[in-house]
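To start, the structure itself, in structure tokens.
No lab work stands behind these numbers, since they all come straight from the coordinates. Because the structure is predicted, anything quoted here is derived from the model rather than measured. Here the Cβ positions follow ideal geometry from the backbone for every residue, glycine too, while neighbour counts run over all protein chains shown.
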Amino acid sequence: MALLFSSKTDDADLWRDALADELPDLDFRVWTPGGEGGADGGDPADIEYALVWAPKKGALRKFPNLKAIFSLGAGVDHLMVGRDLPEGVPVVRLVDPGLIRGMREYVIYWVLHHHRHFGEYERLVAEKRWRQLPQADTRKRRVGIMGLGILGADAAAKLRGLEIDVAGWSRTSKDLDGVTGFHGAHGLGPFLERTEILVCLLPLTPQTEAIINADTLARLPRGAVVINAARGGHVVDEDLLKALDDGHLAAAILDVFHTEPLPDDHPFWDHPKVTVTPHVASLTVPATAAEAVAENIRRIRAGQPPEPIVDPKAGY
Ligand code: NDP
Ligand code: OXD
């Protein structure tokens, strides 16, 4: 029985080696990028597991013995929308310690960049100007994290470790040590009103699509900073640009975009208040992620459900 691997960007050899360390008996087969299947996937009846990013619509339906679809990323929006997945086969999210560490670093780096005015120092130093700006009190710096899941909760805890005043917003109520919790539609306004640096770590679902828009941005205090490390679909680009241009927002750090790679003519590239990173806030690390995939295969072999399974209704 075999695992089918398919991705245009992830390295099949790294995954093969990492999974072989964990499960030497696993038959690892690479599928045509894009998920065509067929010859290089071998006999469809052999396939028990799929490890994929964004297979073509309906492509996973041809495997009658498929037991689980493992996402190659923490986000599953690319899998849940328009893929026509086989019914009854669980989609399993990736929880990778390497991915968690990477996201934590990205968030802390950019929060501190703005908290300590390092962008302004870069500009001053470029003009050979020796000027010391007032140092804000860390304990009064109010960071707000949208999404308190695997990645958001970790980033919130690590920012708390720096004594930053952290709040979080989630769908259901959360009680995280030292983190001021807000949840649901009624909690969004008060959460935004107290947030100087907004970090988006939400999954992209019909409920969270376009959530960073003119109305929500207007609720942030003047001079706020937006960091989006989740999905481009969370942001209404025109509204963000307007809020930057009219001075309401001080800066935006954007890692994810509606179209990736970001098109050459997109205004984000050249905007003086926007920093673009190429969807690298955190990359899946096969060496650590394979452990989680292997553990779930062991669970399935032992008759237990894999975890965490995506709730198709919630979309994440
Ligand atoms: P999780 O599923 O663990 O957490 C999602 C969080 O969002 C939960 O706290 C959930 O609330 C909250 N949420 C979901 N829907 C809503 C809603 N309608 N209103 C309010 N809160 C909501 O996800 P992860 O932390 O693992 O990942 C988050 C996202 O980060 C991924 O979906 C992916 O898009 C992105 N990502 C980006 C990367 C990059 O390199 N740029 C790398 C990895 C991930 P509740 O707790 O109540 O369920
Ligand atoms: C992910 C990503 O979802 O890399 O893991 O964006």
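Legend: ranking of residues Val310, Val125 from fewest to most surrounding C-beta atoms inside 10 Å; resulting order Val125, Val310.
Relative to the longest principal axis of the Cα atoms of the chain, helix 184-193 runs at roughly 40 degrees.
With contacts taken as Cα pairs under 8 Å at a separation of at least 6 residues, region 97-276 carries a relative contact order of 16 percent. Extension gain, Thr180-Arg194: 0.36 nm per intervening residue step, less the Cα-Cα distance, totals 4.0 nm. Here the contact order of the chain, divided by its residue count and restricted to Cα pairs under 8 Å and six or more residues apart, works out to 16 percent.
Can you tell me the 0 to 90 degree angle between the C-alpha axis of helix 97-115 and the longest principal axis of the chain, rounded to 10? Relative to the chain, helix 97-115 is tipped by roughly 10 degrees.
The length gained on full extension between Lys62 and Phe118, counted as 0.36 nm times the residue separation minus their Cα-Cα distance, comes to 14.8 nm.
Let me make sure I get this right: for region 245-316, a, b and c are the square roots of the gyration tensor eigenvalues over alpha carbons, sorted descending. Under 1.5 in a/c it's rounded, otherwise prolate if a/b > b/c, else oblate. Which is it? Taking the square roots of the gyration eigenvalues as a ≥ b ≥ c, region 245-316 is prolate. Give the residue list of chymotrypsin sites (Phe, Trp or Tyr not before Pro) in region 83-142 that are DSSP loop and have at most 15 other beta-carbon atoms within 10 angstrom. Listed in order of number, the matching sites are Trp130.
Extending 7 Å from Cα along the Cβ direction at Asp270 and again at Asp84 yields two label points whose distance is 4.2 nm. So for Val166, Val225, Val280, fewest C-beta neighbours within 10 Å to most, what's the order? Going from sparsest to densest Cβ surroundings: Val280, Val225, Val166. For the chain, the longest principal axis of the C-alpha atoms and the axis of helix 286-301 are separated by about 50°.
Note on region 97-276: with charges restricted to the Cβ of Lys and Arg (+1) and Asp and Glu (-1), its dipole about the Cα centre is near 800 debye. Loop-located chymotrypsin sites (Phe, Trp or Tyr not before Pro) in region 223-284 (DSSP state other than H, G, I, E, B) with a sparse environment of at most 12 neighbouring Cβ atoms within 10 Å: Trp269. Think of each Lys and Arg Cβ as +1 and each Asp and Glu Cβ as -1; about the Cα centre, that makes the dipole of region 233-306 roughly 740 debye.
When each of Val285, Val235, Val179 is scored by the number of other beta-carbon atoms lying within 10 Å, the sequence from fewest to most is Val285, Val179, Val235.
Here is how the number arises for the chain: DSSP H runs of 4 or more residues each give -39500 (n - 2.57), the sum is divided by the residue count, and the result at 222 nm is -9000 deg cm²/dmol.
Once each of the GluC sites (Glu not before Pro) sitting in a DSSP loop with at most 10 other beta-carbon atoms within 10 Å is removed, the chain keeps 128-316 as its longest stretch.
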